[in-house]
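Reviewing the structure listed below.
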Amino acid sequence: RKPQGPTLTMSPRLLDRVLGDFFERCDIEDIPVIAHAAPSNAGQAESELLGCPEFWRPLMGDYADVFANERSRLRVCLGHMGGSVGSPHSQWRRDIASLMSMYPGRVYADLSYEEEIFATDWTLLAESLQFFADASALAPRKQVVYGSDWSMLAMQSRAPDYLNYFSKLLGEMDVAPTVRSQFM
């Protein structure tokens, strides 16, 4: 399964080398990085696929040696953790979890702007959150965090209640208080 990537003005290998240099600089300066990692809000046709975990894996393994360096302080958060569980790209979430397991303490993900939180049926969102709460999940739970993506969330009329909705859902899922605390 190989995602069809967009046509770039820069070759993918050159882009990976540039990003590798960028990550090394971020490591030296102790600057955490967050990147959009969901198939949404694309600036160009098909560019939503650039956040695909299959593109992150070779970058981390071939062009950014800093990921394998034990002394590295580099932390990367893959925003939206691949997007909604019910989306056509729902495998992204598992692939991101795999990256988090490969690089503990280096790769994180957030569950931000989960628009399903405002739905009356929380089935999809519950599946999404169960992913991090499940003891058999691939990634350590401490590497999955709450996020709001406030600029997108501001479009929702119920935005001020977003955190309360999340807390209520975690309570209804009977998520253990320690897990809930780690997440929040």
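Overview of results
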read-out: Solvent-accessible ranking of 80, 36, largest area first, probe 1.4 Å; value: 36, 80
read-out: Protein-only accessible surface order, largest first, of 120, 178 at 1.4 Å; value: 120, 178
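The values are calculated or read from the model by the stated rules, or taken from the named source; none is laboratory data. No experiment lies behind these values; they were computed from the predicted model shown. Quick note on the areas: whole protein, heavy atoms, side chains included, nothing else; ligands and nucleic acids left out. Shrake-Rupley method; radii C 1.70, N 1.55, O 1.52, S 1.80 Å.
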